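Novice: Quick one: the structure is below, questions incoming.
Read-outs throughout are calculated quantities, based only on the coordinates presented, and are distinct from any laboratory measurement. In this text the structure is predicted, and so the values were computed from the model without any measurement. Because the Cβ atoms are built from the backbone with ideal geometry, glycine has one as well, and the counts that use them run over all protein chains shown.
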Amino acid sequence: MPEKRERHLCEGCAEREGVIVKQSHHTTSQILNEFIKHKSKASPGDDRTCPRCGITFREFRMKGQLGCPNDYEAFRPMLKPLIERAHAGATHHVGKVSATADEGVQRQTDLLKLKRRLQVAIDQEQYESAANLRDEIAALESAESS
Amino acid sequence: MTLDEMARTTSAWLRGDGPLSDVVISSRVRLARNLADFPFLTTASETDRTEIYRQLVDGITATSAGSDAMVVDIDAADPIEREILVERHLISRQLAAGEGRRGVTISRSETCALMINEEDHLRMQVLGGGLRLDELWRTVNDIDDDLASRHSFSYDSQYGFLTACPTNVGTGIRVSVMVHLPALRITKEIERVERAARDMRLAVRGIHGEGTEALGDLYQISNQVTLGVAEEEIIEAFGNRIIPKIVEYERTARKSLSQQGDSQLDDRIYRAYGVLTNARCITSEETQALLSPLRMGIHMGRFDQIDIATVNEVFLHAQPAHLQALHGRALDDDERDIVRADYLRERLAR
C-alpha cells in the first residue's frame, strides 16, 4: 500500500499539480434567477394546477414562490430537479423533525442523519466513531423491520 | 419601551463583546416556518393574513420567551420607525417594504425578533454579539419547540419544513455571521475568501442582505443549503471551522499590513478619524466607510482615542432613521448630512 502523505499546497501550486478541480458553483439565487429567466419558454408540467390554492406550475415559475404547502405535492415531479440543484443534490430532509410528524418519519429522519454522519466520519478518517455510527444505524434499522 | 426610546440605545448585539469580536461583529440564526392550516402568503387573502398574524402574536406572547416582547404592527408603523428596525437588523427590508398585515415581536434584550408575514408566515431570528452560534441555536430551537406545541407547522416527510420558496425548504435555517474584513480588502485577498465561500455554497453579502455592497468592510456570510444537512451540522461548521478560518485570515492580513509599514497603516486610521471629527457635511455611506479603519485600529491596539463601544454606537446612530429619531424630527438628505457631521464631532472629538 502506498504511504499516505499529507501536503499543504497554496492555491497556485495545487492548480499546477492538478489537485484543484475547477467547479462551477451557483448560488441559490442564481439558480432561481436562471430558472425564472427561462420562464417565457414552456416547461413540462406548466399547466398543472394545485387543487388547493389554484396556482399553476407556470405561475410558480414566474414568481419564484409557491402558493401553498400542497404545491410540494402537486408539483413534486417538476420541483424535484430544482430543489436538488438548489440544495447541492440533496433529496431528503435531514434535521429537526416536526412535533406533529409520526414515529416512522422521526425514525427515517434519524436514520438519514446517522448515515450522513457516518459518511462524514469516513471522509475524515475517524474510524472509531464511524464504527459506532454503523452500530447505531444497524440497531435503528433492525428496530424498524421488527 | 417605545421605538423612539429604543433608537436612543445601542443594540445588545452591538456591544462589541463576544467571542472573536475583533473580527466577528455578530451572529444570527433564523428559522422559517409556516402554519399548516393556511396557504403561503402569495395566495393568502387579507383575512388569512390577519388570522395568521393574530394566531402567531397570541402564540408568541404566550411563550416564556415572548411574554415580555414588544409587538410592532409594521403595517401601522411610520416609515422612520420601520427603518429604525431595519437599521437595528430586527426586521428585513422585505418586511419593512411589504404590504398588508405584518409585524414583528422583539424581546426586551433585542436578541429575539420574530417576523410575522414576511416571505413565510414566521421567521424566528436570534441575534448576538461575536461568534456564539451554539447558544443562539439552542435559544431559537427552544422557541421553535415552544411554538410547535401551540401551532401546527407545515411539514413534509421528504422535504421537512415547507417554505414559500423551495430554496429554504428542509430545516428552514439560515445561519449568518457578520464579519469585519478591512485588512483582507486592503490586501485584495478578499476575492479569494469570497471564491472559497462560494465553493462551499455559502453566500457572501453586504450587511443589509442580498444585493447590498460591503459597506464599511462588513460582510455577511451565510449558508444557502437548507435541505439534506442537519441544523447542528451547519452550526458546527460555521462555529468551529468556517468562521474561525476567516478570522485567522483576517488576523494574518492585519499582521502583514503592520509589517509592511506602520506609518501607512496609522495614516489610514488617523485620516479617517480626522475626517469624522472635522467634517461639516457627511453621508451615511462615507461615515460607515471611515469607521472601518477606526474599528481595525482599535482592535490592533494602534488607536485609543475612542473605544469600540463608541464606534458601534456611532455606527448605529449615524444611519438615517436613527439620526432623525435622535434629532427629534424628519430631515431631508442635505439636512441629515449636516446633522450627522455635527453629531460625529460631538460624539468623537477629544
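Novice: Quick one: dipole size for chain B, taken about the Cα centre, charges +1 on Lys/Arg Cβ and -1 on Asp/Glu Cβ, in debye to the nearest 20.
Specialist: The calculated dipole for chain B is roughly 1020 debye.
Novice: Only Cα pairs within less than 10 Å get springs; with that Gaussian network setup on chain B, which residue of B:Leu323, B:Leu14, B:Leu147 has the largest fluctuation?
Specialist: Greatest mean-square fluctuation among the candidates belongs to B:Leu147.
Novice: Once both labels are modelled 7 Å past Cα along the beta-carbon direction, what's the A:Arg85-B:Thr9 spacing in nm?
Specialist: According to this spin-label approximation, the distance is 4.7 nm.
Novice: Once label points are set 7 Å from the Cα along Cα→Cβ at both A:Thr100 and A:Ala131, what is their separation, rounded to one decimal in nm?
Specialist: About 4.4 nm separates the two model spin labels.
Novice: What is the extension gain from B:Lys245 to B:Ala196, computed as 0.36 nm multiplied by their sequence separation minus the C-alpha to C-alpha distance, in nm to one decimal?
Specialist: Taking 0.36 nm per residue and subtracting the Cα distance, the gain is 16.5 nm.
Novice: Here's a follow-up. Tell me, A:Lys113, A:Lys63 in order of fewest to most beta-carbon neighbours within 10 Å?
Specialist: Ranking A:Lys113, A:Lys63 by Cβ neighbours within 10 Å, fewest first, gives A:Lys63, A:Lys113.
Novice: Taking the number of other C-beta atoms within 10 Å as the exposure measure, put A:His87, B:His121 in order starting with the fewest.
Specialist: A:His87, B:His121
Novice: Can you give the extra length, in nm with one decimal, that the chain gains between B:Ser258 and B:Thr47 once fully stretched, where that is 0.36 nm per residue apart less the Cα-Cα distance?
Specialist: Separation in residues times 0.36 nm, less the Cα-Cα distance, equals 69.9 nm.
Novice: Using amide H atoms built 1.01 Å from N in the peptide plane, name the residues 5+ places from B:Arg150, or on other chains, whose amide H lies under 5 Å from its own.
Specialist: none
Novice: Here is a further query. Determine the dipole magnitude for the protein assembly as shown: charges of +1 sit on the beta-carbon of Lys and Arg, -1 on that of Asp and Glu, nothing else is charged, the reference point is the Cα centre, and the result goes in debye to the nearest 20.
Specialist: I would put it at about 1140 debye.
Novice: Could you compute the FRET efficiency for B:Asp73 and B:Arg150, with r as their C-beta to C-beta distance and R0 at 22 Å, rounded to 0.05?
Specialist: 0.60
Novice: Treating only the Cβ of Lys, Arg, Asp and Glu as charged (+1, +1, -1, -1), what charge dipole size does the stretch B:1-130 show about its Cα centre? Round to the nearest 20 debye.
Specialist: 360 debye
Novice: Work out the charge dipole of the stretch B:192-350 with +1 on the Cβ of Lys and Arg and -1 on the Cβ of Asp and Glu about the Cα centre, then indicate which of B:Leu215, B:Leu265, B:Ala203 is farthest towards its positive end.
Specialist: B:Leu265
Novice: Here's another thing I want to ask about it. Between the stretch B:170-206 and the stretch B:236-309, what's the alpha-carbon centroid distance in Å?
Specialist: Between the Cα centre of the stretch B:170-206 and that of the stretch B:236-309, the gap is 18 Å.
Novice: Roughly how many whole Å is it from the C-alpha centroid of the stretch B:331-350 to that of the stretch B:1-65?
Specialist: If we compute the Cα centre of each part, the gap is 31 Å.
Novice: Ignoring everything except DSSP H segments at least 4 long, calculate the 222 nm mean residue ellipticity for the protein assembly as shown; use -39,500 (n - 2.57) per segment, divide by total residues, nearest 500.
Specialist: -14500 deg cm²/dmol
Novice: Order of B:187-199, B:28-40 by packing, highest average Cβ count within 10 Å first?
Specialist: B:28-40, B:187-199
Novice: Could you tell me which residue out of A:Thr109, B:Val225, B:Gly160 lies farthest along the dipole of the protein assembly as shown toward its positive end? Charges go on the beta carbon: Lys and Arg +1, Asp and Glu -1, centred on the Cα centre.
Specialist: Value computed over the given set: B:Val225.
Novice: Between B:Asp267 and B:Arg138, what is the label-to-label distance in nm when each label sits 7 Å out along the Cα-to-Cβ direction?
Specialist: 5.0 nm
Novice: If you average the sequence gap of Cα pairs under 8 Å that are 6 or more apart and divide by the length of the stretch B:226-350, what percent do you get for the contact order?
Specialist: 28 percent
Novice: Also: Can you give the FRET efficiency for B:Arg108 and A:Asp110, using 1/(1 + (r/R0)^6), R0 = 22 Å, r = Cβ-Cβ distance, to the nearest 0.05?
Specialist: Efficiency at R0 = 22 Å is approximately 0.05.
Novice: Further question on the same structure: Please work out the Cα center distance from the stretch A:71-146 to the stretch B:122-164, rounded to the nearest Å.
Specialist: Distance between centres, Cα-based: 19 Å.
Novice: If you don't mind, another one. Take the residue pairs A:Lys63/B:Lys188; A:Lys80/A:Lys115; A:Lys113/B:Lys188; A:Lys115/B:Lys188; A:Lys63/B:Lys245 and return only those whose Cα atoms are more than 32 Å apart.
Specialist: Where the Cα-Cα span goes over 32 Å, the pairs concerned are A:Lys63/B:Lys188; A:Lys113/B:Lys188; A:Lys115/B:Lys188; A:Lys63/B:Lys245.
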